[in-house]
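Read through the structure below, which is laid out as structure tokens, and then see the notes.
No lab work stands behind these numbers, since they all come straight from the coordinates. Remember, predicted model here, so these are calculated numbers, not experimental data. Every residue, glycine as well, gets a Cβ built from its backbone with ideal geometry; the counts of neighbours run over all protein chains shown.
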Amino acid sequence: MRRLRYFPMNIQEFSNRIIHADCLDVLPRLPVGSIDFILTDPPYLVNYRDRQGRSIANDKREDWLMPAFAQAFRVLKPGRFCVSFYGWHKIDVFMQAWRAAGFRPVGHLVWVKRYTSSAGFLCYRHESAFLLLKGDAQKPDWPLPDVLPWYYSGNRLHPTQKPVPSLKPVIEAFTSPGDMVLDPFCGSGSTLLAAKILGRRFVGVEMDAAFCQQAQRRLAV
């Protein structure tokens, strides 16, 4: 099902837009090497439901994962980074998709929570993401710490809503003002809002109509 009939071809036409569509319909229309940074929280492939019964599209299947990251790699500029959250239950599948696309894992980020989000054999008190590199890049003089604080979002707008204050340091570390930030699984738009606050351009894609509308209202686009 294609939700967007017209796709612009010039990257400037994508700037500061949130598109209601499947990212596999949108990313092939983005020019090669047109994105400066990707920060995304894709479905974790675990059929997640929160306490309100809310679910996430495509969280039951994994056939989209490899082609989505192949397209993400294509549109990212050489020497630039992708930060991707992931489901630890499926880390083998995520790692296979990232490496098949061409990404090189060069770091791992952990955000520490002050609360327990769930419990099993352990109490889960952190979020994590991999830092993925396309090609090679010069190491910074002042690297970002790999352990950062997590600020509870309340998950009002999305079942796995990421807090903007926790994303801002990552975007600030790997981009400059005016850079284009992509989130192909943008949910309620936390990545995009963080980018906007920091003076970066953004493009987001979300296939769930309700979450897409939340993001559009949140960013007034």
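Shown for 61, 54, 201, 29: other C-beta atoms within 10 Å of each C-beta, ranked fewest to most, produce the order 61, 54, 29, 201.
Close amide H contacts of residue 131 (hydrogens built in the peptide plane, cut-off under 5 Å, sequence separation of 5 or more or a different chain): 106, 107, 108, 109. Partners of residue 60 within straight-line reach, counting aspartates and glutamates whose Cα lies under 18 Å from its Cα and excluding those fewer than 8 residues away in the same chain: 22, 41, 50, 92, 206, 208. Residue exposure proxy: 108, 158, ordered by other Cβ atoms within 10 angstrom of their Cβ from fewest to most, comes out as 108, 158.
Along its first, second and third principal axes, ordered by size, the range 11-219 spans 41, 38, 33 Å in Cα coordinates.
Proximity of backbone amide H atoms, modeled 1.01 Å from N, is registered between residue 205 and 19, 183, 185, 186 at under 5 Å, excluding neighbours fewer than 5 places apart on the same chain. Descending by average beta-carbon neighbour count within 10 Å, the peptides 35-44, 139-148 line up as 35-44, 139-148, the highest first. About the centre of its Cα atoms, the chain shows a dipole size close to 400 debye [charges on the beta carbon of Lys, Arg (+1) and Asp, Glu (-1) only; nearest 20 debye]. Put in line by how crowded their Cβ is, counting other Cβ atoms within 10 Å and starting with the fewest, 191, 175 read 175, 191.
By the rule of a C-alpha distance below 19 Å, with chain neighbours fewer than 8 residues away ignored, the aspartates and glutamates paired with residue 77 are 13, 36, 136, 172, 179, 183. Evaluated over the range 113-204, the count of Lys pairs having alpha-carbon atoms less than 22 Å apart is 6 (only pairs 8 or more residues apart or interchain).
A simple rule links phi to the HN-Hα coupling: the Karplus curve 6.51 cos²θ - 1.76 cosθ + 1.60 with θ = phi - 60°, which for the range 30-44 gives 6, x, 4, x, 9, 10, 8, 6, 10, 10, 8, 10, x, x, 8 Hz, with x for Gly and Pro.
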